[in-house]
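Have a look at the structure below, then the notes.
The values are calculated or read from the model by the stated rules, or taken from the named source; none is laboratory data. Since this is a predicted model, take the numbers as computed values, not measurements. Heads up, the Cβs are rebuilt from the backbone with ideal geometry, glycines too, and the neighbour counts pull from every protein chain shown. The protein model used for the area step is the full one, side chains on, heavy atoms only, and it has no ligands, DNA or RNA in it. Shrake-Rupley method; radii C 1.70, N 1.55, O 1.52, S 1.80 Å.
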Amino acid sequence: VHLVESGGGLVQAGDSLRLSCVASGGSFSIYAMGWFRQAPGKEREFVASISWSGDRTYYDDSVKGRFTVSRDNEKKAGFLQMNNLKPDDAAVYSCAAADVYGTPTAAYEYYYWGQGTQVTVSS
């Protein structure tokens with residue numbers, strides 16, 4: 001499965017962005033999907049995940065209530081709606097696919113990764 005993210009950019013604090021992750025080359029619908037981010041000088045961290053069917057989601061506390069993860073299996077796409085962005089949200093955001101049940105949160109559970117899209121938030 002090949003994953004490509006898009007939708008990143010430069011925004012001001014309080015603005016919104018919608019990231020997309022499009023899959024090709026495999027059966028996207030059988031994989032749980034996750035979003036991770038990595039800021040300069042920091043370790044990669046979990047942001048959100050969604051089960052293969054889309055009926056379950058899980059969020060890191062830092063984004064809960066502001067970010068929404070979703071997917072459209074027919075379009076082989078996943079999305080991360082980010083509202084009320086804060087400077088601390090600035091990072092490279094990557095989507096990933098995991099052949100596991102549920103909403104995995106650990107990076108090691110994910111086998112397929114996209115290259116990432118940059119999100120910059122100015123204060």
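A few points about this structure:
- Close pairs (8 angstrom Cβ cut-off, 6 or more residues apart or separate chains): in contact (Cβ under 8 Å) with a residue 12 or more places away in the chain and of a type in the set (Asp, Glu) in the range 8-32, in a loop (DSSP other than H, G, I, E, B) and surrounded by 15 or more Cβ atoms within 10 Å (Cβ to Cβ) anywhere: 15/85
- Members of the range 64-105 that are hydrophobic (A, V, I, L, M, F, W, C) and touching a Gly at 6+ places or on another chain (Cβ under 6 Å): 92, 95, 96
- Scan of the range 14-51 for residues that are touching a strand residue (DSSP E or B) at 6+ places or on another chain (Cβ under 6 Å), part of a loop (DSSP other than H, G, I, E, B) and surrounded by 14 or more Cβ atoms within 10 Å (Cβ to Cβ), ordered by number: 31, 39, 44, 51
- Count - residues of the range 88-122 that are open to solvent by less than 30 Å² (accessible area, probe 1.4 Å), under 15 Å from residue 19 (Cα atoms) and not in a strand (DSSP E or B): 4
- Some residue of the range 58-79 being of a type in the set (Gly, Ala, Ser), farther than 20 Å from residue 113 by Cβ and either under 11 Å from the mean Cα position of the chain (by Cα) or open to solvent by 50 Å² or more (accessible area, probe 1.4 Å) (or both): yes
- For the range 41-78, a tally of residues being touching a Phe, Trp or Tyr at 6+ places or on another chain (Cβ under 7 Å) and of a type in the set (S, T, N, Q) returns 3.
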